[in-house]
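Asks: Here you go, one structure.
The values are calculated or read from the model by the stated rules, or taken from the named source; none is laboratory data. These numbers come from a predicted model, not from an experiment. Counting neighbours? That spans all protein chains shown, and the Cβs are built from the backbone with ideal geometry, glycine included. When the accessible area is computed, the model is the full protein with side chains, heavy atoms only, and any ligands, DNA or RNA have been set aside. Shrake-Rupley method; radii C 1.70, N 1.55, O 1.52, S 1.80 Å.
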Amino acid sequence: MSAGIFLLILVIAILALVVMIVKLKMHPVLALFIAALGTGISLGYGVIGTVDYVSSGFGNTLGSVGITIILGAIISMAIEDTGAAKAIANFFIKLFRGKNMELAPSLTAFIMSIPVFGDITMVLTAPIASMLSKRKHISMSTMASFTGLGLFLTHALVPPTPGILAIAIMFKTDLGMTIMWGIVVSLVGFFVPYFLLRKWTAKEWIEPNPEFVRDMAETHSDSVDDILIKDPGLPNTVLGFLPLLLPVLLISASSFAQMYATEGSAIYTICTVMGNKVIALFVGLVYSVWLGYRQRTMVRGIYATTYNQPNIKFNEIVLDKWVARGLVVCLSPLLITAMGGAFGNVLKNSPALAPLSEMIGNSSIPTIVVPWAIAAIMMIAVGSMTTAGMTAAAIVLPMMPDLGLAPLAAVMAIGSGCLMGNHYNNSGFWVMGQFFHLNTQQSVKYVTIPCAVSSVVCLITVAIMNAVGIFG
């Protein structure tokens, strides 16, 4: 199959998804299944072959993100009931002096997403974004746009995130320089779209998820003292942050141990085990249960007033109710994410991907655009930043002598390209939409478009830095 036919099939599949979800109001799980089935048959896999790709993609995606999303959702319930989210919100209210509160979850996500998988970051920052949205009457369109942008940027461009780390190793770039310039490019890629798009994102009002903002009152004051949440018995800031920070610290320690510790040593083994994303989140959950016990008066009071269960036991709340509520919150995004993985699996197994990338590589476009464009097409097609970046790197690496680019410039260009095309076949697109209370059409507006704008801004930034010789 030629690259042109593959591109035509991809465009038709995406348009069909838009029609099914937006116009026909079909549930995304069914729409994605139909699109994956039709796309696979059109690509020549046959009915049985397509079903095999759909099934394996669904199962692999569910297996890779399922437990982490479930644990993250349970922790979110704990953050809410223990008052931790309110304590965190108060910290950011003071830090930003009550203004531009959308920057609070955005910059939190920007930092968290460096060592932590994006799906986990989305789930853990959603309660903070929702509470600040309610408190300061900021639309979730704004919260989602910039929280998502913050986490996707560092996920694409800053090691030790696995994808960009592996790419840097492939191109043999200095890891410290890759981290430093990745942060610089990411900051430019965040703040330029922030100033360009923040008024546009505020035009549509989207309520926060009611599950995250029960009994929250809105304030129209700009005074920090008036904005602060003054519920009695809130935990202090450090205790409130630890459900988020513990998994981040454990995963970060694992990343650095794998880079610098001797494989097989005690510190390497301990950090690797404790930094496994499932284990790290489980540790965060165990801490959340302890925090719940410390805040048990508040926790039981919430169930007495909100759920009319004054006699419920503490252990039933933390061991059953938190789990049940977390599963309700995460079930839909979990299934949509898995089916998005199925759609992506159908696309990424097409042999036409390589000719499509080679066609771009052999074109007359500027050399710095070549790695960016190949990564962008891979991202549009496969829906995974890691897969898109690794595939683009494998294609670009043999071209390097002809392109004449510094290795670090190519690495940054590939990372920037991976921000383009964050749409229906990316699990993060669905998790972001569901936890930030966006429907599918709103997710395209406030997840796909800001990422695309940022991708172009990052490319321009990388091109300028390359032209002045920063990358060597």
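Asks: Cα gyration tensor of region 342-472, axes a ≥ b ≥ c as square roots of the eigenvalues: rounded (a/c below 1.5), prolate (a/b > b/c) or oblate?
Replies: Verdict is oblate for region 342-472.
Asks: A further question on this structure: Step through the residues of region 277-284 one at a time and calculate ³J(HN,Hα) from phi using the Karplus curve (6.51 cos²θ - 1.76 cosθ + 1.60, θ = phi - 60°), rounding each to whole Hz and writing x for Gly and Pro.
Replies: Karplus values, whole Hz, x for Gly and Pro: 4, 5, 5, 4, 5, 5, 4, x.
Asks: For Glu263 and Asn276 in the same chain, what is the full-extension length gain: residue separation times 0.36 nm, less their Cα-Cα distance, in nm? Mind dumping the intermediate values first?
Replies: Details: separation 13, 0.36 × 13 = 4.68 nm, distance 1.55 nm.
Full extension from Glu263 to Asn276 adds 3.1 nm.
Asks: Taking only DSSP H segments of four or more residues, each worth -39500 (n - 2.57), what value at 222 nm results for the chain once the sum is divided by all its residues, to the nearest 500 deg cm²/dmol? Please list the in-between numbers first.
Replies: Values: 23 runs with 336 residues, N = 472.
Roughly -23000 deg cm²/dmol at 222 nm, from the helical runs in the chain.
Asks: To continue, here is another question. Would you please classify the overall shape of region 178-327 from the alpha carbon gyration tensor, given that a ≥ b ≥ c denote the square roots of the eigenvalues, rounded means a/c under 1.5, and beyond that prolate means a/b larger than b/c while oblate covers the rest? If you can, show how the numbers build up before the last one.
Replies: Numbers: a/c = 2.41, a/b = 1.15, b/c = 2.11.
Note, shape of region 178-327 comes out oblate.
Asks: Obtain the nm distance between the two label points defined at Val51 and Ala166 by a simple spin-label model: each point lies 7 Å from its Cα along the Cα-to-C-beta direction.
Replies: Inter-label distance under the simple model: 3.1 nm.
Asks: For Lys94, list the aspartates and glutamates whose Cα falls under 15 Å from its own Cα; do not include residues on the same chain fewer than 8 positions away.
Replies: Glu102, Asp222, Asp225, Asp226
Asks: In terms of the Cα gyration tensor, with a ≥ b ≥ c the square roots of its eigenvalues, is the chain rounded because a/c is under 1.5, prolate because a/b exceeds b/c, or oblate? Kindly include the intermediate steps, with their values, before the conclusion.
Replies: Numbers: a/c = 1.67, a/b = 1.47, b/c = 1.13.
Prolate, because a/c is 1.5 or more and a/b exceeds b/c.
Asks: Considering only protein heavy atoms, what per residue accessible area in square angstrom results for the chain with a 1.4 angstrom probe?
Replies: Values: 18440 Å² over 472 residues.
So the chain comes to 39 Å² accessible per residue, rounded to a whole number.
Asks: I need the peptides 367-377, 267-277 ranked by packing, meaning the mean over residues of other C-beta atoms within 10 angstrom, with the highest value on top. Can you show the working numbers first?
Replies: On the way: 367-377: 25.7, 267-277: 16.5.
The densest-packed peptide leads the list: 367-377, 267-277.
Asks: For Val328 and Val224, calculate 0.36 nm times their separation in residues minus their Cα-Cα distance, and state this gained length in nm to one decimal.
Replies: Details: separation 104, 0.36 × 104 = 37.44 nm, distance 3.44 nm.
My answer for the length gained is 34.0 nm.
Asks: With +1 on each Lys and Arg Cβ and -1 on each Asp and Glu Cβ, how big is the dipole of region 36-191 about its Cα centre, in debye rounded to the nearest 20?
Replies: Details: 8 positive and 6 negative charges, 140 e Å.
That gives region 36-191 a dipole magnitude of about 680 debye.
Asks: Are any of the pairs Lys86/Lys313; Lys134/Lys321; Lys99/Lys203; Lys136/Lys313 more than 29 Å apart by Cα-Cα distance, and if so, which? Walk me through the numbers before you get to the answer.
Replies: Details: Lys86/Lys313 24 Å; Lys134/Lys321 24 Å; Lys99/Lys203 18 Å; Lys136/Lys313 34 Å.
Correct reply: Lys136/Lys313.
Asks: Compute the helix-to-body angle for 3-18: its Cα long axis versus the longest principal axis of the chain, expressed 0 to 90° and rounded to tens.
Replies: Around 30 degrees separate the two axes.
Asks: Beta carbons within 10 angstrom, averaged per residue: use that to sort the peptides 409-421, 297-309, 65-77, 37-49, highest first.
Replies: On the way: 409-421: 30.5, 297-309: 14.9, 65-77: 24.3, 37-49: 17.0.
Result, highest mean Cβ count within 10 Å first: 409-421, 65-77, 37-49, 297-309.
Asks: In whole percent, how big is the carbon plus sulfur part of the accessible area of the chain, probe 1.4 Å, protein atoms only? Provide the component values of the computation, followed by the final result.
Replies: Values: 12300 of 18440 Å².
Exposed carbon and sulfur together represent 67 percent of the surface.
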